[in-house]
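The structure under discussion appears below in the form of structure tokens.
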Amino acid sequence: MRVIVPILKLSLAGGAVYAIAEQGLFSISQKETIDASKRISDAVPNVDSYIGKGSVSNWVPAGISKKDLINYWNKGVKVSIGALSTLPADTKDLASRGYDYMKEEIGKQVKK
């Protein structure tokens with residue numbers, strides 16, 4: 001179970017990056033990149049429809065605008081991509097620590 005959850009998270013992140021790349025956000029042409037960016041920002045629903053209308057007002061705090069939501073989303077994407085970029089080094093470090101731990105535990109068991 002400990003292996004399945006990280007694999008699912010990585011596949012979701014990879015799927016998100018793939019979907020964005022398919023829309024042309026990472027294209028070489030600046031015009032295509034701008035068009036894709038506009039399509040993605042237009043896909044964010046109008047925040048005003050969620051604010052201040054009965055029980056729905058609890059969904060989004062009234063102080064958050066569409067621009068703030070987009071900025072928060074972009075920050076989340078940057079953090080996720082940053083974590084993915086350090087994943088090989090982190091994996092190597094954790095694998096090394098796990099190997100050392102197992103070596104110590106096996107050494108303790110052999111001495112008993």
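The values are calculated or read from the model by the stated rules, or taken from the named source; none is laboratory data. Here the structure is a predicted model, which means the values were calculated and not measured. All Cβ positions, even for glycine, are placed from backbone atoms using ideal geometry, and neighbour counts span all protein chains on display. To get the accessible areas, we keep the full protein, side chains included, count just its heavy atoms, and leave off ligands, DNA and RNA. Shrake-Rupley method; radii C 1.70, N 1.55, O 1.52, S 1.80 Å.
Kindly indicate whether any position in the stretch 75-97 is within 26 Å of Leu12 (Cα to Cα), surrounded by 12 or more Cβ atoms within 10 Å (Cβ to Cβ) and modelled with pLDDT under 85.
Scanning the stretch 75-97, I find no residue that is within 26 Å of Leu12 (Cα to Cα), surrounded by 12 or more Cβ atoms within 10 Å (Cβ to Cβ) and modelled with pLDDT under 85, so the answer is no.
Are there any pairs, at least 6 apart or on different chains, whose C-beta atoms fall under 9 Å, with the first in the stretch 68-83 and without any contact (Cβ under 8 Å) to a residue 40 or more places away in the chain and the second open to solvent by less than 80 Å² (accessible area, probe 1.4 Å) and of a type in the set (S, T, N, Q), and if so, which?
Between residues of the stretch 68-83 that are without any contact (Cβ under 8 Å) to a residue 40 or more places away in the chain and residues that are open to solvent by less than 80 Å² (accessible area, probe 1.4 Å) and of a type in the set (S, T, N, Q), the close pairs are Ile70/Ser41.
If the Cβ limit is 9 Å and pairs must be 6+ apart or interchain, which residue in the stretch 87-111 that is part of a helix (DSSP H, G or I) pairs with which residue that is open to solvent by less than 70 Å² (accessible area, probe 1.4 Å) and not acidic (Asp, Glu)?
Asp90/Ala83
Which one is surrounded by the most Cβ atoms within 10 Å (Cβ to Cβ), of the residues in the stretch 16-32 that are modelled with pLDDT of 70 or more and more than 20 Å from the chain's Cα centre (by Cα)?
Glu32
Residue check: is Gly63 surrounded by fewer than 12 Cβ atoms within 10 Å (Cβ to Cβ) and at pLDDT below 85?
Answer is yes for this residue.
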